[in-house]
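I have placed the structure first, in the form of structure tokens, so that the comments after it can refer back to it.
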Amino acid sequence: MSSMVTSPPELTTIVAHGRRSKRAAWLLHTRPGIAGLMLLGFVLAVALIGPLVAPHNIAQPIGVPGAGPSSAAPLGTDFLGRDVLSRVLHGGLPVLGLSAVTIGLTYLVGLSLGLVAGLSRSLLDPAIMRAVDLFLVFPPLLLLLLLLTGAGTGTGVLIIGIVLVLFPGVARLTRTATLEVSTTGYIEAAIARGEAKVAIMRREVLPNISQAILADLGVRFAAAISLAASINFLGLGSKPPAANWGLMVAENRQIVGTNLWALVVPAILLAALTVSVNLLSDAYVHSRGRSGSK
Amino acid sequence: MADEGRQAALTLSNLTVALDGGDVVVDDVSLELAPGEILGLVGESGSGKTTTALSLLGYATPGAKIVGGELQISGTPLAMNDSMRRARGSLISYVPQDPSRALNPALRIAAAIGDIMKAHRAEGDAAVDRALDRVGLVPAHATHRFPHQLSGGQQQRVSIAMALSCEPAVVVLDEPTTGLDVVTQARILEELKRLRSEHNISMVYVTHDLAVVSQIADRIAVMYAGRIVEQGQAETLLRDPRHPYTRGLLASVPDHIRPRALEPMAGIALGVGERPSGCAFAPRCAQRTDRCQSEMPGLEPVAAEHLVRCFHSELTPELTSHAAYGRGGQLYDAGTPLLEVVQLRAEHRSLHEATVAAADISFSVSRGECVALVGESGSGKTTIARAICGLHPVAAGELRLGGQPLPSLVARRTREQRRQVQIVFQNPAGALNPHHTVREAIGRPAKVLRGLSNRALPGEVDRLLGCVRLTTRLGDRYPQELSGGERQRVSIARALAAQPEIILCDEITSALDVSVQAAVLKLLNELRDELGLSLLFITHDLGVVAAVADRVLVLDQGRICEQGVTEQVLQAPASEYTQRLLAAAPSISYVTADTDAVAERA
């Protein structure tokens, strides 16, 4: 239903191979699942419907900078006198799009490398993993700043930068989980009957490591958002006058004394987004823990 | 039963343990132990034997509760709850199953034993040394070591030393030799018997292994579904079991000295919540009557010191049916062997070093033949099987299948070659993908290796489930919904799905209860007749070898030290290693040998 949760290709695969009868049970029959779904639905509604109903142009000032709520601007104006409500309604989509794409890519790269390394049983394993470790050497922000200064401040560069920061964790986790199941009978049997590597990964390995891999999906999601927000804060991400929740928190810090809403509302929405993803990944992992392998 | 004049070392009466949900796990169990007596408490998984053993220490695992019963140790009445803490160690102590997990890896041996002594009485290093000395360990070698620096047998000795350190009247041993090699096991059993006679300690020896218990117990109590079903002097009970379950168990135990045709019991053991109101064994019993289904039989004496919980104990047939080794020295056609292994060498490689797992291994398996690879852990037997099915690289030597060279790597083998060689693994829990139904698991090899269409698969899967005597209803279940025996049957069906020429069986029954093992072995023998299958049977259990194998290869540290026809190897071993292995392997025949001689003469 949501573009966020089902968009990474690995996730759909995993769900499709779970118990068919219980496929959606984890979403609707657990408290974190229901809460996460509602919260995510709300944030999605704001981000998707928002741009259609926003009352004002997000680039044009409508009043005094930093003015409090009024009938014309229910959330007041920002540091340049623009309507905060309109900017909040417009500012969700870029955040959602960016985090969905970065998380999708992070898992795609991390899972692929981790699976290949974990199943290789050859020197390919240490070769891949040492290469992955190289990216852990740099402090995340330094890596991002180097990239942005070197390759320019485009959204594409930002996405690549965040993926480079996050994928080593996913790759290492995937490799460890893969190694753990790689000596089980069902995987050895699959190797012995000559199944293609990709088929082994998809049929035999992924369903059995998804729980470990997705346990911290929420944490990585939050990291992606906060990294993007940090970059925006430093003025290297979205270009003003574009609206973006992360950017809004940064640019409105100077008027925190006069119009708190300009800062708090986007911050709350960012928090709601990360909390909902955390709740959903929790619900998924717990449901696996009950019905999955014992 | 204790003599009139002597006080019993332990008296347990009417013990009842229930789960928090109310289901009764152990029902009305009474035991009595004379000083210096060893009682074997025997049962399969889920019978309640470990729960009973722990209750003797006043302990119940979380989720269960001791709801009734009285306990006296050395005349002291004890409440079976945490107030027994003070009695543990000095009156009764416990030796757990797996010493490698029971010993704190961060404590040196001296500290581990010292802690126990300090908790109960103040004694110094000399007492620790005495405790180690008692179990045959040299204190100077052991005290300063950590558990991981000791072998499994030494670790178990330390566990026993800890249990004996405060000189208890009774020691409860929970499967103390289960993870050990037979040679080590035999030494530990000797040690226990010596300690018993030197210190007059009573022991409760909990085990699933009738062969082991026959080597050590004075008396045996057999548990089924939470109750004692038969109790008596070891020799009487092993020779002349009166409860149909005891008889079924004994008829399931393969024996290497006097091989027998295994007679698996019908049905499977019931779960805790499913026990019927009458006799719990009735659903599986051949001699049940209406009365058995409505009424629970009492534990009644049938002879002196021989109690049986069965209305019709006189109907229980005698144990008979000795059989030939394997399939009676059948000869196989002398043409091209199906599988030839020539000068095989396999290594475990890391970046810096290579350890030889197996070297100079040469043997062949004919069509329809069952060859057993026997050896202790670390003898390289599993590595050889893995190399044959392409899971382990061959360092030197050659494999041939049907006369054609068989490449070492799976990727270089043709589909036809991969189809012909199948493997079944040891651990039924990990052998099946928890996310695939039985149907998917069995259907896959048929599809991948035989190119069966999706339309033909369901029928083929039904046929294969029938082959391994499972109902087709099981097809839609997931592995975690199956018992260990059922899972292992599914694994066999998965191997059969490829229509193989040879199946490599890697310790496939070692994780199963004896009665389940008997059923699986019988199934394999039948499948050989039906399909003309060849088997390479890897095991450490000489009894299993006697039951299935036509020929035997004995492995010692990666090399074949002896090979030959099963009967010849087991009856007249030539190599010194095989002799040692055979001498150490437990067998019920040592206890029942006389009866057998009588039976043979008759």
From the list B:T246, B:T236, which residue is under 22 Å from B:L15 (Cβ atoms), modelled with pLDDT of 85 or more and of a type in the set (S, T, N, Q)?
B:T246
Conditions (1) among the charged types (D, E, K, R); (2) at pLDDT below 90; (3) in a strand (DSSP E or B): number failed by B:D360:
(2)
Filtered residues of region A:235-286 (kept if in a loop (DSSP other than H, G, I, E, B) and farther than 24 Å from A:I103 by Cα):
A:P240, A:P241, A:V256, A:G257, A:T258, A:N259, A:L260
Looking at region B:256-296 only, could you name the residues that are over 25 Å from the mean Cα position of the chain (by Cα) and β-branched (V, I, T)?
B:T289
Pair list, Cβ < 6 Å and 6+ apart or interchain, from region B:340-353 residues that are part of a strand (DSSP E or B) to residues that are modelled with pLDDT under 85 and among the polar types (S, T, N, Q):
B:H348/B:T355
Assess whether B:R477 counts as being out of contact with any Phe, Trp or Tyr (no Cβ under 6 Å at 6 or more places or on another chain), closer than 22 Å to B:Q426 by Cα and not aromatic (F, W, Y).
yes
May I ask you to verify whether A:Y186 is under 18 Å from A:L206 (Cα atoms), over 21 Å from the mean Cα position of the chain (by Cα) and crowded, with 22+ Cβ neighbours inside 10 Å?
yes
What residue, among those in region B:573-602 that are at pLDDT 90 or above and out of contact with any helix residue (DSSP H, G or I) (no Cβ under 8 Å at 6 or more places or on another chain), is surrounded by the most Cβ atoms within 10 Å (Cβ to Cβ)?
B:Y577
Among the residues of region B:251-269, count how many are touching a Pro at 6+ places or on another chain (Cβ under 7 Å) and either surrounded by fewer than 23 Cβ atoms within 10 Å (Cβ to Cβ) or part of a strand (DSSP E or B) (or both).
1
Does A:A54 meet the test of being over 22 Å from the mean Cα position of the chain (by Cα), buried (at least 16 other Cβ atoms within 10 Å of the Cβ) and without any contact (Cβ under 8 Å) to a residue 40 or more places away in the chain?
yes
Checklist (1) modelled with pLDDT under 90; (2) crowded, with 24+ Cβ neighbours inside 10 Å; (3) hydroxyl-bearing (S, T, Y) applied to B:T178, failing item
(2)
Residue count, region A:170-224 (criterion: aliphatic (A, V, I, L, M), within 11 Å of another protein chain (Cβ to nearest Cβ), free of Cβ contacts under 8 Å to residues at least 12 places away in the same chain and assigned to a helix (DSSP H, G or I)):
4
Touching a residue at least 40 places away in the same chain (Cβ under 8 Å), buried (at least 18 other Cβ atoms within 10 Å of the Cβ), in a helix (DSSP H, G or I) and among the hydroxyl-bearing types (S, T, Y) - does that describe any residue in region A:94-101?
yes
Just wondering, is there one or more residues in region B:85-100 that are over 23 Å from B:H199 (Cα atoms), modelled with pLDDT of 85 or more and of a type outside the set (A, V, I, L, M, F, W, C)?
no
Which count do you get for residues in region B:88-141 that are of a type outside the set (F, W, Y) and either closer than 19 Å to B:L180 by Cα or part of a loop (DSSP other than H, G, I, E, B) (or both)?
25
Could you list, in sequence order, all residues of region B:424-436 that are at the interface with chain A (Cβ under 7 Å from one of its Cβ atoms), touching a helix residue (DSSP H, G or I) at 6+ places or on another chain (Cβ under 6 Å) and in contact (Cβ under 8 Å) with a residue 12 or more places away in the chain?
B:F425, B:A431, B:L432, B:N433, B:P434, B:H435
Residue count for region B:400-418, restricted to those that are at the interface with another protein chain (Cβ under 8 Å from one of its Cβ atoms) and assigned to a helix (DSSP H, G or I)
4
Looking only at region B:372-384, how many residues end up being crowded, with 24+ Cβ neighbours inside 10 Å and either in a strand (DSSP E or B) or within 14 Å of chain A (Cβ to nearest Cβ) (or both)?
3
With the structure loaded, tell me whether A:G154 is over 30 Å from B:R415 (Cβ atoms), within 20 Å of the chain's Cα centre (by Cα) and more than 14 Å from chain B (Cβ to nearest Cβ) or whether it fails that test.
yes
Sole residue being hydrophobic (A, V, I, L, M, F, W, C), more than 30 Å from A:E188 (Cα to Cα) and over 19 Å from the mean Cα position of the chain (by Cα), chosen from A:L123, A:L89
A:L89
Unmet requirement for B:E440, which otherwise passes all of (1) within 12 Å of chain A (Cβ to nearest Cβ); (2) at pLDDT 90 or above; (3) surrounded by 22 or more Cβ atoms within 10 Å (Cβ to Cβ)
(3)
Quick one: count up the residues across region B:472-510 that are over 20 Å from A:A192 (Cβ atoms) and either in contact with a strand residue (DSSP E or B) (Cβ under 9 Å, 6 or more places away or on another chain) or within 14 Å of chain A (Cβ to nearest Cβ) (or both).
10
Out of the residues in region B:389-399 that are more than 9 Å from chain A (Cβ to nearest Cβ) and crowded, with 16+ Cβ neighbours inside 10 Å, state the one that is nearest to B:P337 (Cα to Cα).
B:L399
Considering only residues that are of a type in the set (A, V, I, L, M) and more than 9 Å from chain A (Cβ to nearest Cβ), which ones fall in region B:443-454?
B:A446, B:L452
Could you go through region B:541-557 and let me know if any residue there is modelled with pLDDT under 90, surrounded by fewer than 19 Cβ atoms within 10 Å (Cβ to Cβ) and either within 22 Å of the chain's Cα centre (by Cα) or closer than 18 Å to B:K381 by Cα (or both).
yes
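The values are calculated or read from the model by the stated rules, or taken from the named source; none is laboratory data. What you see is a predicted model; the values in this text were computed from it and never measured. All Cβ positions, even for glycine, are placed from backbone atoms using ideal geometry, and neighbour counts span all protein chains on display.
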